[in-house]
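Student: Encoded as structure tokens, here's the structure I'll be asking about.
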Amino acid sequence: MTIFLRKLPESSKNFLRPIKNFMMKVCYYGHKRYCPVCGNFSRKFRHFGLLPREDAQCVICGALERHRFLWVYLQKRTNLFEKKPKHVLHVAAEQCYEQTFRELFGQGYLTADLHNPAAMVKMDITNIQYPDQSFDVIFCNHVLEHIHNDILAMSELLRVLKNDGWAILLVPITSEKTFEDPTITNPLDRRDAFGQEDHVRRYGPDYADRLRKAGFLVKITKSDDLFKDNEIIEFGLSQGKQNIYHCTKKSTNV
């Protein structure tokens, strides 16, 4: 049903979404799992991924492990939800966040994407069309692994971030050390080398060093830093664990 909904006009989606959510709540009724993004309980999360991960996706809002982790981080460790006007750039906006952010930030919220026509602006993040220090907050998650010159993209995101602003720049960490090879251009070869046909590298824990090379200060938070053991299970974070990379300019304190 989710695939069917994606093909419909937005007006039809808005009409059918409550029906779909009600059906999912009935089918997955229970209280063993909790999604902090949409505030719903279920007996389990759905499997998700090219190599399916069990207990991964919220049946109501579609949030994955990284989305639930980040949502709680944003609530507990940032000023995002303080009632203060903000200019927020959201690159490749996650659907589970987008509507809430639109309501929260109003005209200060901007979605951007190079390929998705539903985004508010078309944007190449290696050449951002906005002046220096345009945004208080930037989200750019699971995008940089698609970008050939990721250091340039990071530098551009740094440029348009305000001096007292912050950015969340997440990528999948799937290697012991970052691996890239620009000679690998065939989609099937990329899938074998990088995990997806449209990926151009695998990141390792040295990803933080690349962010620092671009000029960011980086604070890393692990799920164990934020959640108790029972919460990791309840929020479905035991698989697909990922760090939060909270990035600021060197002229500010984290």
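The values are calculated or read from the model by the stated rules, or taken from the named source; none is laboratory data. Quick caveat: nothing in here was measured; it's all calculated off a predicted structure. Here the Cβ is made from the backbone with ideal geometry for all residues, glycine too, and neighbour counts use every protein chain on show.
Student: Evaluate the following for residue 105: is it over 17 Å from the mean Cα position of the chain (by Cα) and outside the structural domain of residue 231 (by TED's automatic domain parsing)?
Tutor: Working: over 17 Å from the mean Cα position of the chain (by Cα): yes; outside the structural domain of residue 231 (by TED's automatic domain parsing): no.
Considered against the rule, which asks whether it is over 17 Å from the mean Cα position of the chain (by Cα) and outside the structural domain of residue 231 (by TED's automatic domain parsing), residue 105 comes out as no.
Student: Taking the condition of being in a loop (DSSP other than H, G, I, E, B), more than 17 Å from residue 214 (Cα to Cα) and under 19 Å from the mean Cα position of the chain (by Cα), how many residues in segment 131-144 meet it? It would help to see each step written out before you state the result.
Tutor: Taking segment 131-144 and keeping what is in a loop (DSSP other than H, G, I, E, B), we get 131-134, 141-143.
Then keep just the ones that are more than 17 Å from residue 214 (Cα to Cα); that gives 131, 134, 142.
Cutting the leftovers down to under 19 Å from the mean Cα position of the chain (by Cα) gives us 142.
So the count comes out to 1.
Student: Something else now. Taking the condition closer than 20 Å to residue 131 by Cα and touching a strand residue (DSSP E or B) at 6+ places or on another chain (Cβ under 9 Å), does residue 181 pass? Before the answer, list the steps.
Tutor: Numbers: closer than 20 Å to residue 131 by Cα: no; touching a strand residue (DSSP E or B) at 6+ places or on another chain (Cβ under 9 Å): yes.
No; evaluated as a whole, the condition is false for this residue.
Student: What's the number of the condition residue 84 fails, among (1) under 29 Å from residue 227 (Cα atoms); (2) part of a helix (DSSP H, G or I); (3) free of Cβ contacts under 8 Å to residues at least 12 places away in the same chain?
Tutor: (2)
Student: Still on this structure: Just give me the residues in segment 60-84 being over 21 Å from residue 242 (Cα atoms) and either modelled with pLDDT of 95 or more or among the acidic types (Asp, Glu) (or both), in sequence order.
Tutor: Here is the first cut: in segment 60-84, the residues over 21 Å from residue 242 (Cα atoms) are 60, 79, 81-84.
Within segment 60-84, 79, 81, 82 qualify.
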